[in-house]
Amino acid sequence: MGRVHVLQHPLIQHKLTYIRAKDTGTKEFRQLVQEVAMLMAYEITRDLPLVETSVETPVARAKAWVIEGKTLALVPVLRAGLGMVDGILAMIPNAKVGHVGLYRNPETLEPVEYYCKLPPHIEERDVIVVDPMLATGGSACAALTAVKDRGATAVKLMCLVAAPQGISRVQEQHPDVDMYVAAIDEGLNEHGYIVPGLGDAGDRLFGTR
């Protein structure tokens, strides 16, 4: 079963408070999301393997360490996931970026993939799927399926806020995927919004309604 990591770092929790606040404007909201994503990237990459190397300092040669093995790929779920990408790239500038686009079928209410473009050799990469909200889990599960169907095997999910229903659905459909979240909220309302949540992340990021 995939593990759920709730990132309790004080800076993450402090910034998440202002992301939640309804009076936070688009510019500040966007900046805060990027900052929290950067801090979360620090935590989600904690287990990357290192290999020993050496470097010539101004004084002498020193033993040092570099990241070994697989390169990273970020896969935001369109559109709200885009708001997290720049923050993560500030921490991991060499990561490649793919995209998964989904829409909800108005009859079945299930997500339908309309776009997926991933970096080459996705099977050799550690993949981080990013989406600010994990509500029902439908979109997250569809995005995880999309990247796995194209060969990804090492996949993690990063979200700002999650509902227990979404966590359970991801664990059921993708038991091999670890989840990294800044908060687990109470649940969902009758419209499928996370409570207390932070509203519609996409609208707040891009100033739309």
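The values are calculated or read from the model by the stated rules, or taken from the named source; none is laboratory data. Computed from a predicted model, the values in this text were never measured in an experiment. Cβ coordinates were reconstructed from backbone atoms using ideal geometry, including for glycine residues, and neighbour counts include every protein chain displayed. Please note that ligands, DNA and RNA were not included when accessible areas were found on the heavy atoms of the full protein model with its side chains. Shrake-Rupley method; radii C 1.70, N 1.55, O 1.52, S 1.80 Å.
Please turn the phi angles of the stretch 124-136 into ³J(HN,Hα) values with the Karplus equation 6.51 cos²θ - 1.76 cosθ + 1.60 (θ = phi - 60°), one per residue in order, whole Hz, x for glycine and proline.
9, 10, 7, 9, 10, 7, 10, 7, x, 10, 10, 9, 6
Nothing charged except the Cβ atoms of Lys and Arg (+1) and of Asp and Glu (-1): what's the magnitude of the dipole of the stretch 122-209 about its Cα centre? Round to the nearest 20 debye.
160 debye
How long are the semi-axes of the equivalent ellipsoid of the stretch 52-177, defined as square roots of 5 times the Cα gyration tensor eigenvalues? Whole Å, largest first.
That gives 33, 14, 14 Å for the three semi-axes.
So, R0 is 25 Å and r is the distance between the beta-carbons of Asp23 and Tyr115; what FRET efficiency does that work out to, to 0.05?
The computed FRET efficiency comes out at 0.15.
In whole Hz, with x marking every Gly and Pro, tabulate ³J(HN,Hα) for the stretch 180-197 from phi via Karplus 6.51 cos²θ - 1.76 cosθ + 1.60, θ = phi - 60°.
These are the phi-based 3J(HN,Hα) values: 10, 9, 8, 7, 10, 8, 5, x, 10, 8, 5, 9, x, 8, 5, 10, x, x Hz.
When only C-alpha pairs under 8 Å and at least 6 residues apart count, what is the relative contact order of the stretch 16-143, in percent?
23 percent
When the Karplus curve 6.51 cos²θ - 1.76 cosθ + 1.60 is applied with θ = phi - 60°, which whole-Hz ³J(HN,Hα) does each residue of the stretch 6-12 get, with x for Gly and Pro?
With the stated coefficients, the stretch 6-12 comes to 9, 8, 9, 3, x, 5, 5 Hz.
When the scattering of the stretch 121-179 is computed by the Debye formula from its Cα atoms alone, each counted once and equally, what is log10 I(q)/I(0) at q = 0.13, 0.19, 0.20, 0.29 Å⁻¹?
For the stretch 121-179 at q = 0.13, 0.19, 0.20, 0.29 Å⁻¹, log10 I(q)/I(0) is -0.28, -0.59, -0.65, -1.25.
Between Glu68, Glu190, Glu123, which gets the highest mean-square fluctuation from a Gaussian network model of the chain, Cα cutoff 10 Å?
Result for the chain, Cα springs under 10 Å: Glu190 fluctuates most.
Sequence-distant or interchain residues sharing an amide H contact under 5 Å with Val97, placed H: which?
Leu74
With charges set only on the Cβ (+1 for Lys and Arg, -1 for Asp and Glu), what does the dipole of the stretch 5-112 come to about its Cα centre, in debye to the nearest 20?
With Lys and Arg at +1 and Asp and Glu at -1, about 160 debye.
When the accessible area of the chain is computed with all protein chains present and a 1.4 Å probe, what percentage of it is carbon and sulfur?
Using a 1.4 Å probe with all protein chains present, the chain comes out at 53 percent carbon and sulfur.
For the stretch 141-209, build the charge dipole from Cβ charges (+1 Lys, Arg; -1 Asp, Glu) around the Cα centre, then report which of Gly197, Val147, Ser168 sits farthest towards its positive end.
The residue sitting farthest along the positive end of the dipole is Val147.
Please work out the average accessible area per residue across the stretch 76-209, using the 1.4 Å probe convention, and give it in Å².
That works out to 46 Å² per residue.
Would you mind counting up the charge near Glu43? Only other residues with Cβ under 15 Å from its Cβ, with Lys and Arg at +1 and Asp and Glu at -1.
Values: positive: Arg3, Lys15, Arg46, Lys156; negative: Glu35, Asp47, Asp126, Asp178.
Net charge in that neighbourhood comes out at 0.
Any idea what the dipole of the chain comes to, in debye rounded to 20, about its Cα centre with Lys/Arg Cβ at +1 and Asp/Glu Cβ at -1?
Result for the chain is approximately 440 debye, rounded to the nearest 20.
What percentages, rounded to whole numbers, describe P(r) for the stretch 18-58 computed over all alpha carbon pairs with 10 Å bin width beginning at zero?
Percent of Cα pairs in each bin: 23, 28, 22, 15, 11, 1.
Given the C-alpha centroids of the stretch 151-179 and the stretch 30-63, what is the distance between them in whole angstrom?
24 Å
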